[in-house]
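Following: one structure in structure tokens, then a few remarks.
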Amino acid sequence: MTGTTTQAGALRATVFIAAALTLGGCLSWEDPGRDDAVVGVPGSLETTEGRLEGNLAGYAPEGSLEATVNVWDDTISARLDALEFGSWVMLQVDVSGIDVRSVEDGATLTFSNGRLVSSTGVDAPEGVWLSSLGCAGPFVGNFDYDAPALDTTVEFGTNTEGQRELEIRAGFSGAGSLDGSVVLPD
């Protein structure tokens, strides 16, 4: 049964990656050209609480924040969009290849160019990978910056309200860094 679960997880990750590459980087979840049913297979996209700070290509994440998360057994996809008149900053992070529902508080995974370079508090299997994307511009869909993060750290924990949370720190080549968090669904 473990082989079946691993194969199903790999298939979900492959479908998700193919959809992400087909749809491009800096699309909005509400973009009419995007089919959320494809992105959400077989998990469900949930709006959640989040936080986003930092600076990306001269844009600061201010104003209203939309945080969305999609969790499968072995994959988590989190997206944070900060929008204010004349400024939009987005951070999307996808982690796959690890049982995200059983990762304990304090577990930290550090990636460089998408490859796992260290893990603390979790026995990370060999196939763990990360995709991290930052976008910034004057408004959603009109971006001056669209690039993957060079270095990304994700940490699992529990916030002060007792909710499970994913902390994200992403550094971008010559363009700044973003720190964020999303509350994970139960």
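When region 121-135 is filtered for residues that are touching a Leu at 6+ places or on another chain (Cβ under 8 Å) and more than 17 Å from Ala78 (Cα to Cα), the ones remaining, listed by number, are Val122, Ala124. Considered as a group, the residues in region 64-92 that are charged (D, E, K, R) and within 14 Å of the chain's Cα centre (by Cα) include one that is least open to solvent (accessible area, probe 1.4 Å), and that residue is Arg79. Of all residues in region 110-163, exactly one satisfies the criterion of being touching a helix residue (DSSP H, G or I) at 6+ places or on another chain (Cβ under 9 Å) and of a type in the set (S, T, N, Q), namely Ser131. If you go through region 125-183 and keep only what is among the β-branched types (Val, Ile, Thr), modelled with pLDDT under 95 and crowded, with 16+ Cβ neighbours inside 10 Å, you end up with Val128, Val140, Val182, Val183.
Sort out which residues of region 104-124 are more than 13 Å from Thr152 (Cβ to Cβ) and open to solvent by less than 10 Å² (accessible area, probe 1.4 Å), and write them in order of number. Correct list: Ala107 only. Scanning region 93-102 for residues that are crowded, with 24+ Cβ neighbours inside 10 Å and either touching a residue at least 60 places away in the same chain (Cβ under 8 Å) or more than 10 Å from the chain's Cα centre (by Cα) (or both), we see that the one that is farthest from Ala124 (Cα to Cα) is Val93.
The values are calculated or read from the model by the stated rules, or taken from the named source; none is laboratory data. The structure presented is a predicted model; accordingly, all values stated were derived computationally and were not measured. Because the Cβ atoms are built from the backbone with ideal geometry, glycine has one as well, and the counts that use them run over all protein chains shown. Surface accessibility is based on the protein's heavy atoms, side chains included, excluding ligands, DNA and RNA. Shrake-Rupley method; radii C 1.70, N 1.55, O 1.52, S 1.80 Å.
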